[in-house]
């Protein structure tokens, strides 16, 4: 027996909202970054699941890998995002020694 | 050769780019020779094209690239090479070359040397585009281009207020004319669905539109022509344009640009011919301008202004010819006039250069001994202007008058002949006051000197031209020029459609005799007035009294324009300004104030805490889900 | 006896993913969180293997475990982690945030099961060739853009972190 | 019924093959590690005019076994303030990917754990996982030297992964497959990839040195600078595991080099007796192991800035140039071998001759010192 597509999607949904909740709840910038990574991973799972299980529904070829292609792009984005995000965190940390995002509110109106 | 016709404008353009980019820092004095060489190159190409056209190649259209292509509207940048444009090319390039060379000497001590020689080729480029364009749009591009260059070059010495003002005046007046041109262009497109000369003329020949529409188009184009060619009522910028450097006056405001109007009308002969009354009007305006400007020229004391008014009046002659249905004669006069008027300007420029920038004839006098070469060339040019046989002006002007009479416009003929007399008089006066008699300003006289070679050789070349160029129109009415231009202007020259009879020597001699007699009369009168003082000029002016004042003040035209138009325009501008400040800006300010208020309120929402923003994003997501789910499940659908 | 293997592995990986994810969100020891995040990624790779996307799985491990986790550990080790008390009112949003997320998450997770497998059998075999195929033909341009993006991120990160000399 | 090699039933053969591969792996790793340690000691000794171990067993062959037993017997010490779970997990995290990499190595025709069509990617991935273990070890030790070591090695490994992968990519471009088996089969003759893509090989060799923390790139464990880097707090068998893992890494990268550039198990007589492939493979692998040891005994350690500078400013640009050129050539020529070789050899020349040129002054000082030391040694040895 094979695992149904829905199960994968459900796992991805749960992980996604875990990440979202983390982004909302946690204050530590690094942790928030991690949670964002979780969300990206969840989206990856959904993409791969669809492209492997339902991919051949779309285009004609039975091995349609569109979703996986987008996973590759998501990986790229994630890498760039982490690099720049951490750089920003470090730069901010140099100015005021904290990683709590809600203490960096100079931009408030 | 014809298919490389694009080279002709290309050379000046290249010169312009090079000089404008590198002139200031690196090329400096070399900009002048560079520009002249580029013009020489295009002149050579132009000669090649001319010869090829002469050997029978007719009306070739050399497409360069597609300029605009919108829906039904296609405008290609293409060169129309036919006898008319090739002749024009020849004149423009050759004269431009001579004047460029002259300018190297004339502008030698000017700090804006590189600037001058980047704009001068640019002008030539624009003029060539104007001449070459195969449709009204491209022609218009060149038209605006020459307008721009004339503006830049009139205001070349923009440090002084007069040139700046003159430049602005020229630009504004030209704008009025250009507006006419645009109206004509657009109407042409609406009526004929194309702007290409060929198509338009074919359409006119086949199924001409309503007379009214046609007249409208022609009137619009003619308005443009009056603007560019300084005809009534838009002539008054040309005399002021003399504030620019003399080579500019010679090239732009005597030889080439101002003839653009004539070229436009000649080019559109089929149109104008189809709109008879407008054509007559053109002739009338031309005649009026001719005599009007000539009378003003009688009393001017600034040598360059005399030339300027004489230019206006000569242009009047050309329009007269066009109106009289003799476009070939018009072109003929255009060519000859280009030579001798350029020569006159360059000569006076050489005089001004020689005595250190003075233009007032009352301070000159007796310069003949100091600058003989200038003097003799000026005399030749003056003779040509006064239409003394066998100089150039004689043939062309005589042909104009003759054809005017033959085509049944005796009034125009009378006016033309009379104007010829005036012309002869004022040119005599100018030359005499400048070169003869006692020097009226000693120390000026002492420092006077003949101009350098680089200036005098162009003078000589032009003098030869002014003397001989008339013979391209010999024998009268079917000289070389006629047979050359006829195929181009045939379509319109209805009156000349009759195969040219072997020129009728008898009537030619009659006309020649009359006009020459009048001209000589004018010359003799001038000589007697200014050399012997009988009748004494001062006495004459006193006797003339108010009329004299009117002439001196140029019929108060500028003042009238000031009061009538400029005042109105200023009032309107003031009203617009008030509207802008109080209504439009007021609205904007109120709006900004309101937004500032709202922003001040919403500012509180910007907590600066990233978490809140993220939370709001997620809340938005919830909203979207609710709405979408609502529609999907249907309980939101009503 | 092999057909029980797949659901079993799936359950294992799912447990790993969700459990580790929960820990990442709730734990307070930042290094532990980082490591558990790496575990999540590893289990995610396992999921991909289950789905027969081994190339993606390897990319996943290579980039997430091999690079991103390391980077985040760097971030952890370069910064002092301390949890101060809340100063402002707006800083206390956790309860609402949690509630809101839950409100959204539950229906979505429930709806997720409504996705049915297509009647056609899902393609077996590796995803290397088709992936490369579509990546370098249809998606060549986005691929290039992505590379440019990476370069920009690289430079930007360096510029941000670089200390100016004076 | 289908018949596999040696007339064995295919299924059985598959299982057998897996067993053989794993056994080989374990053998190569554990005994290999011991053998390597012994070899290393001896070679170092020879190169340093010493005798090395000679007491235990013939030629001191048993010395390393004794050491291993000693390590196993040691008490498992863990400092109080270390971060227990990670401290304990680190060695495993470093060890397991290494052992896992042996699955895809083709030891002989059909003697390979799995013929993965993404084998090379798999190897790279596992290689990148080692970093995690080292960083964790450094952090969990709760010791600033360890932390420095961990961070250093993280930076170093991440940086040198780039040229490493670039070196591999060139070969993949040329062969057109990620599978180790295909790559091996693609070079049966004497014309191995090393002759066609030498620059890729050099790139990978240098990067591999860094990846395995060997000299001259062994900063993470630089005794003179930070006691023993991330190994400081470790002792007993945990330390031993790190140690074995390091040697295992060495043999893995050596095996990769042997496979990618030197025809893997290909060699005289393999076609007749396929099992001979194992011998050839092991031989080739060990040639590189010895090369590593040689380098270790020869070269001085780099400074951290030199290390990074060399990677980012020299190695990666050249490797990128190489890849661009190779890709173009492979697309352009029907038989790209000659032009590829030309370009690669040129780049090797650039690296070998250009680099000393840029570093002239430093090298002069270095040569001077060497000459002096040699002179002194002669003085010492002269009767």
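List of remarks:
- Scan of the range B:126-159 for residues that are farther than 30 Å from residue B:4 by Cβ and touching a residue at least 40 places away in the same chain (Cβ under 8 Å), ordered by number: B:154, B:155, B:156, B:157
- Residue that is farthest from residue D:176 (Cα to Cα) [pool: residues in the range C:122-146 that are part of a loop (DSSP other than H, G, I, E, B), more than 9 Å from chain A (Cβ to nearest Cβ) and modelled with pLDDT under 80]: C:124
Yes/no matrix, rows are residues, columns are (1) facing another protein chain (nearest Cβ under 9 Å); (2) touching a residue at least 12 places away in the same chain (Cβ under 8 Å):
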{"residue": "C:16", "(1), (2)": "no, yes"}
{"residue": "C:23", "(1), (2)": "no, yes"}
{"residue": "C:26", "(1), (2)": "yes, no"}
{"residue": "C:33", "(1), (2)": "yes, no"}
{"residue": "C:37", "(1), (2)": "yes, yes"}
{"residue": "C:40", "(1), (2)": "yes, yes"}
{"residue": "C:43", "(1), (2)": "no, yes"}
{"residue": "C:46", "(1), (2)": "no, yes"}
{"residue": "C:50", "(1), (2)": "yes, yes"}
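- Condition met for residue C:56 (more than 9 Å from chain D (Cβ to nearest Cβ), assigned to a helix (DSSP H, G or I) and within 21 Å of residue A:80 (Cα to Cα)): yes
- The listed residue being buried (at least 18 other Cβ atoms within 10 Å of the Cβ), touching a residue at least 24 places away in the same chain (Cβ under 8 Å) and not in a helix (DSSP H, G or I), out of B:387, B:467: B:387
- Tally of residues being facing chain D (nearest Cβ under 7 Å) and under 12 Å from the mean Cα position of the chain (by Cα) across the range C:59-71: 3
- Flag if residue B:249 is closer than 25 Å to residue B:547 by Cα and in contact (Cβ under 8 Å) with a residue 60 or more places away in the chain: no
- Residue within the range D:93-102 that is assigned to a helix (DSSP H, G or I), surrounded by fewer than 23 Cβ atoms within 10 Å (Cβ to Cβ) and facing another protein chain (nearest Cβ under 10 Å) present: yes
- Whichever residue in the range A:1-16 is more than 13 Å from residue A:41 (Cβ to Cβ) and part of a helix (DSSP H, G or I) and, among such residues, is farthest from the other protein chains (Cβ to nearest Cβ): A:7
- Pair list, Cβ under 6 Å, 6 or more apart: the range A:85-99 residue more than 7 Å from chain C (Cβ to nearest Cβ), other residue at pLDDT 80 or above: A:85/A:33
- Residue count for the range D:135-147, restricted to those that are buried (at least 22 other Cβ atoms within 10 Å of the Cβ) and within 11 Å of another protein chain (Cβ to nearest Cβ): 5
- The range D:172-190: number of residues that are within 21 Å of the chain's Cα centre (by Cα) and either part of a loop (DSSP other than H, G, I, E, B) or closer than 16 Å to residue D:255 by Cβ (or both): 6
- Top-ranked residue in the range C:1-12 [being more than 8 Å from chain A (Cβ to nearest Cβ) and modelled with pLDDT of 85 or more; ranked as surrounded by the most Cβ atoms within 10 Å (Cβ to Cβ)]: C:9
- Residue in the range B:551-567 that is over 30 Å from the mean Cα position of the chain (by Cα) and either surrounded by 12 or more Cβ atoms within 10 Å (Cβ to Cβ) or assigned to a helix (DSSP H, G or I) (or both) present: no
- Set side by side, the residues D:88, D:151 differ, and just one is surrounded by fewer than 24 Cβ atoms within 10 Å (Cβ to Cβ), out of contact with any helix residue (DSSP H, G or I) (no Cβ under 6 Å at 6 or more places or on another chain) and within 11 Å of another protein chain (Cβ to nearest Cβ), which is D:151.
- Scanning the range D:156-191 for residues that are closer than 14 Å to residue D:128 by Cβ and surrounded by 23 or more Cβ atoms within 10 Å (Cβ to Cβ) yields a count of 5.
- Residue D:321 being surrounded by fewer than 18 Cβ atoms within 10 Å (Cβ to Cβ) and either modelled with pLDDT under 80 or in contact with a strand residue (DSSP E or B) (Cβ under 7 Å, 6 or more places away or on another chain) (or both): no
- Any chance residue B:143 is in contact with a helix residue (DSSP H, G or I) (Cβ under 6 Å, 6 or more places away or on another chain), closer than 18 Å to residue B:17 by Cβ and in a helix (DSSP H, G or I): no
The values are calculated or read from the model by the stated rules, or taken from the named source; none is laboratory data. Just so you know, these numbers come straight off a predicted model, no measurement behind them. Heads up, the Cβs are rebuilt from the backbone with ideal geometry, glycines too, and the neighbour counts pull from every protein chain shown.
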